[in-house]
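A quick write-up on the structure given underneath.
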Protein chains: 2
Amino acid sequence: MAERTIALVGGGLIGSSWAVVFARAGHTVRVYEAVPEQRTALQDRVRRLLLDLEAEGLVENAAAAAERVVLTESLKDAVQGAGHVQENGPERLEVKQPLLSEIDAAAPAEATIASSTSALLPSALSDHLTGRRRFLVAHPVNPPHLIPLVELCPAPWTDAAAVERVRALMAEVGQSPILVRREIDGFILNRLQGALLHEAFRLVEQGYARVEDVDAAVADGLGLRWSFMGPFETIDLNAPQGLADYGRRYGGMYAGMFGVEPWSGELLAKAEEQRRAMLPREALVERQSWRDRRLLRLVQHKKAMDKSDKEK
Amino acid sequence: MAERTIALVGGGLIGSSWAVVFARAGHTVRVYEAVPEQRTALQDRVRRLLLDLEAEGLVENAAAAAERVVLTESLKDAVQGAGHVQENGPERLEVKQPLLSEIDAAAPAEATIASSTSALLPSALSDHLTGRRRFLVAHPVNPPHLIPLVELCPAPWTDAAAVERVRALMAEVGQSPILVRREIDGFILNRLQGALLHEAFRLVEQGYARVEDVDAAVADGLGLRWSFMGPFETIDLNAPQGLADYGRRYGGMYAGMFGVEPWSGELLAKAEEQRRAMLPREALVERQSWRDRRLLRLVQHKKAMDKSDKEK
């Protein structure tokens, strides 16, 4: 993909981290930040983050990348000539709506526009925009220069082509874009986090576990596999015949815990079909060896980190 | 702690992995496995797992460790002289109950007895035992030689001293023991996994996301921090004043997603107090830097792993 100019509107913590993401991939980044103190802080932060990455071999030339990040005097100046505009303003509808109107009016007709919001729905953010068909949510995880996931959530009226262009851009700069197919509160990531947090708080509230025991259950247990494969791949590799087999074996146990219905045969078949499109059944055994190799190396990595923590 | 003899009753997949855990820590491991084919497989598997660990620098002398694992001809022979007996039989109450009776009758009076069960409750497993006060569940995550978490769940009648001795043993061999303070279906780990899986299946069922998008949300998003710190520490570091501050800021958002009540002030204060006992508030900022350093190194580790996967 050709080098493209990316405009960032809002240069706080998330904006700085986005600047690093796009600049390290070779793009020119034009940032508009209204608050004077934030403007000064931004360039220092971008430079420091890039140097940290360079020190670990994750960026080749931090100074050159930092040069590609340009602060502008106005929003208009930032977005002109941009191929993509990423909005990182305060998380309030009444602030974001007029900000997006301003962006929509000033950005080139062919530019895509995305909001970094974690909680506001794309339909509420863009209903009023003339160019609402080129708008979507692109929700990063903080900080995006370290955590690659980006949730793309279109409004009902967003052009499929705009979604595809933002998806391709995010993949090209090394992020991991996923698609939220219909808008929903919390998108995907915060719903998964919320479901786990609610159970975690319940266990503490009712005295089954203390906070540190719940944390260890994840950090020394569940979280190891989850750091390189998701919950579906995890269960897919934990029953001889894969995901649906796991669901049939253990669905009753999980349903019993929460007093809900077990996963239906239809649902298990749907999930199994999607999983098999990623990994054919005959590759399950080889993938289990891959998982064990990754686990072994992750354990080694964690031991080295713990050792280095202790030496500090 | 002095070297101790550990008896394993059941030498299948979990039993082999337990043998590696105890043998690499210097203990003699006496294994009784009733099925002849399993007996042959066990010693090969133990040797192979230890060699894999040695190759990564995680065990010093694989051959010496393998020598410490001894197959016995009878259950009685395995448990005599043992300081701890770990039962790894089939996951059926009607199989485990008589097996545990046999262990209880044959094991030295001072030995602790634990079951590896993932789903049966300690009260149901041990109500009938003469020595039920020395019995508890010690539920590993598969495979325990790579995943350190062990859930200790006592029955209402288990001696606190027995729990403490098993906790100390697990910590001494390098596992990460947590305490389930009252018995509950699924203990802690599977309840957390179940809560996340239920939401994951719901999102797929209702068409909000595909299986691979949910998996990426965890493997490229949530799972990174969760592989070295738990969900409570994660939120503790995601608001200026810590956990309760996070709960007050975002509790309404999470509650709204699921149509439940937000976490109460009392619950947030309880969790905050437990968290502050682990990390004082004035250390939050330094811990955030630690998190970012760990994230950076984890990202570097994952990139190296992905590269090595591609080269295969």
Filtering the stretch B:82-112 for residues that are farther than 30 Å from residue A:249 by Cα and not acidic (Asp, Glu) leaves a count of 10
Pairs where the first residue, in the stretch A:196-210, is within 7 Å of chain B (Cβ to nearest Cβ) and under 13 Å from residue B:186 (Cβ atoms) and the second is aromatic (Phe, Trp, Tyr) and surrounded by fewer than 18 Cβ atoms within 10 Å (Cβ to Cβ), C-beta under 9 Å, 6+ apart: A:199/A:258
Going through the stretch B:171-183 in order, the residues found to be touching a strand residue (DSSP E or B) at 6+ places or on another chain (Cβ under 8 Å) and within 11 Å of another protein chain (Cβ to nearest Cβ) are B:175, B:176, B:177, B:178, B:179, B:180, B:183
Give me a count of the residues in the stretch A:239-273 that are under 17 Å from residue B:211 (Cβ atoms) and surrounded by fewer than 17 Cβ atoms within 10 Å (Cβ to Cβ). 8
One residue from B:292, B:215 being open to solvent by 50 Å² or more (accessible area, probe 1.4 Å), in a helix (DSSP H, G or I) and not polar (S, T, N, Q): B:292
Any residue at all in the stretch A:258-265 that's at positive phi and either without any contact (Cβ under 8 Å) to a residue 40 or more places away in the chain or facing chain B (nearest Cβ under 8 Å) (or both)? yes
Flag for residue A:205 being more than 23 Å from the chain's Cα centre (by Cα) and more than 26 Å from residue B:144 (Cβ to Cβ): yes
Given (1) more than 7 Å from chain A (Cβ to nearest Cβ); (2) open to solvent by 10 Å² or more (accessible area, probe 1.4 Å); (3) more than 14 Å from the chain's Cα centre (by Cα), number of the condition residue B:234 does not satisfy: (2)
Pairs under 6 Å by beta carbon, first residue of a type outside the set (Val, Ile, Thr) in the stretch B:175-189, partner open to solvent by less than 10 Å² (accessible area, probe 1.4 Å) and assigned to a loop (DSSP other than H, G, I, E, B), six or more apart or different chains? B:187/B:180
What's the total number of residues in the stretch B:275-289 that are in contact (Cβ under 8 Å) with a residue 12 or more places away in the chain and open to solvent by less than 30 Å² (accessible area, probe 1.4 Å)? 3
Report, by residue number, each residue of the stretch B:82-103 that is closer than 11 Å to residue B:9 by Cβ and part of a helix (DSSP H, G or I). B:96, B:99, B:100, B:102, B:103
Report the residue count in the stretch B:1-27 for those that are buried (at least 18 other Cβ atoms within 10 Å of the Cβ) and not in a loop (DSSP other than H, G, I, E, B). 16
Suppose we filter A:202, A:134 for residues that are touching a helix residue (DSSP H, G or I) at 6+ places or on another chain (Cβ under 6 Å) and farther than 18 Å from residue B:215 by Cα; which single one remains? A:134
Within the stretch B:58-79, is even one residue among the hydroxyl-bearing types (Ser, Thr, Tyr) and either open to solvent by 50 Å² or more (accessible area, probe 1.4 Å) or outside the structural domain of residue B:132 (by TED's automatic domain parsing) (or both)? no
For residue B:161, work out the one condition from (1) within 7 Å of chain A (Cβ to nearest Cβ); (2) among the aliphatic types (A, V, I, L, M); (3) more than 19 Å from residue A:214 (Cα to Cα) it doesn't fulfil. (1)
Flag if residue B:41 is assigned to a helix (DSSP H, G or I), of a type in the set (Gly, Ala, Ser), in the same structural domain as residue B:174 (by TED's automatic domain parsing) and more than 21 Å from residue B:4 (Cα to Cα): yes
Residues (among the basic types (Lys, Arg) and free of Cβ contacts under 8 Å to residues at least 40 places away in the same chain) located in the stretch A:13-71: A:39, A:45, A:47, A:48
How many residues are over 22 Å from the mean Cα position of the chain (by Cα) and either of a type outside the set (Gly, Ala, Ser) or under 17 Å from residue A:148 (Cα atoms) (or both) if we restrict to the stretch A:31-47? 11
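The values are calculated or read from the model by the stated rules, or taken from the named source; none is laboratory data. Keep in mind it's a predicted model, so treat the numbers as computed, not measured. With ideal geometry, Cβ positions are generated from the backbone for all residues, glycine too; neighbour counts draw on all protein chains shown. For the accessible areas, the whole protein counts, side chains as well, though only heavy atoms, and no ligand, DNA or RNA atoms are used. Shrake-Rupley method; radii C 1.70, N 1.55, O 1.52, S 1.80 Å.
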